[in-house]
Amino acid sequence: MRQARAPSVLAAYVLHRYDWSESSLVLDVFTRESGRLPVIAKGAKRPYSQLRPVLLPFQRLFVTLGKPPKAGEAGDAVEAGGEVRLLRGAEWAGGSAMLTGAALFSGFYLNELLMKLLARQDPHPELFDAYAATLPSLASADDAVTQAALRAFELTLLLRLGLLPDLTVVTATQQSVALDGGYALLPEVGLVSARPSDTPISGTDLVGVQAALEHGSIPALQQACGRVLPALRSQLRALLHYHLGSNVLRTRQVMIGVQSLG
């Protein structure tokens, strides 16, 4: 006789949630130990549910997951491609205050990147830690700090998914970048010498960004990104769109729409 799986407690963030039946929710949670998981939270919408005030985005949680539901129990609530788990409990694990205003859009942008690029049940503990370290910077009153945090997370995500070339080496020739040279990161060919139409990034700045990536320090990476924001933003956007297969993310569309009303 098969022994029932014991519940497991995981560090997690809620990336996305939507209604399932009148009283329950389906969650997409990003866990440190098991990656991105689909989870059913039964009864979470009920007025007196202890889960209702806890299952919020951008809040670090400890979630207790039980065994998967029986065949057919989840119905059509979750699309194929991942084993659905039942949420047994969730507790706030402390951390930053809730994001508001423009910071909220930035947070949802990170969540959308993870939802679209990170496969289910593919653990990336370093990426989880980077996400946790990035959230506080999104609430900064200094837009440059927020933009540097976003670029640092984009770089970390691409690196952990194996989609980022070595930024100190010209991809085609495998020669080291010249510190006084100008370079561009192109989606289909990697790192190249900048063309007249490109906004170049210096070899010195690329070496600094690569060193921070290898060190794994998010503050150091944010500082390195802050020195090359305009060029890095446009080049990373093109690279992300290439791998996403989409020109505009939903979060960015909403942000543009809100800004146009101002």
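Which of (1) surrounded by fewer than 19 Cβ atoms within 10 Å (Cβ to Cβ); (2) more than 19 Å from the chain's Cα centre (by Cα); (3) among the aliphatic types (A, V, I, L, M); (4) modelled with pLDDT of 90 or more does Ala80 not meet, given it meets every other one?
For Ala80, the exception is condition (4).
Can you tell me which residue within segment 230-244, out of those that are in contact (Cβ under 8 Å) with a residue 60 or more places away in the chain and of a type in the set (A, V, I, L, M), is surrounded by the fewest Cβ atoms within 10 Å (Cβ to Cβ)?
Leu244
Looking only at segment 195-214, decide whether some residue is closer than 27 Å to Ala102 by Cα and touching a strand residue (DSSP E or B) at 6+ places or on another chain (Cβ under 9 Å).
Scanning segment 195-214 turns up at least one residue that is closer than 27 Å to Ala102 by Cα and touching a strand residue (DSSP E or B) at 6+ places or on another chain (Cβ under 9 Å).
Condition first: under 18 Å from the mean Cα position of the chain (by Cα) and not hydrophobic (A, V, I, L, M, F, W, C). Now tell me which residues in segment 205-233 satisfy that.
Gly216, Ser217, Pro219, Gln222, Arg233
Results for (1) free of Cβ contacts under 8 Å to residues at least 12 places away in the same chain; (2) closer than 26 Å to Leu110 by Cα; (3) of a type in the set (Phe, Trp, Tyr); (4) loosely packed, with under 14 Cβ neighbours inside 10 Å, shown as yes or no for each residue.
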residue	(1), (2), (3), (4)
Tyr131	no, yes, yes, no
Leu161	no, yes, no, no
Gln174	yes, no, no, yes
Thr199	no, yes, no, no
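Go through Arg120, Arg151 for me and flag whichever is farther than 14 Å from Leu15 by Cβ and either touching a residue at least 40 places away in the same chain (Cβ under 8 Å) or more than 14 Å from the chain's Cα centre (by Cα) (or both).
Arg151
The values are calculated or read from the model by the stated rules, or taken from the named source; none is laboratory data. Keep in mind that what you see is a predicted model, and the values were worked out from it rather than measured. Cβ: placed from backbone, ideal geometry, glycine included. Neighbour counts: every protein chain shown.
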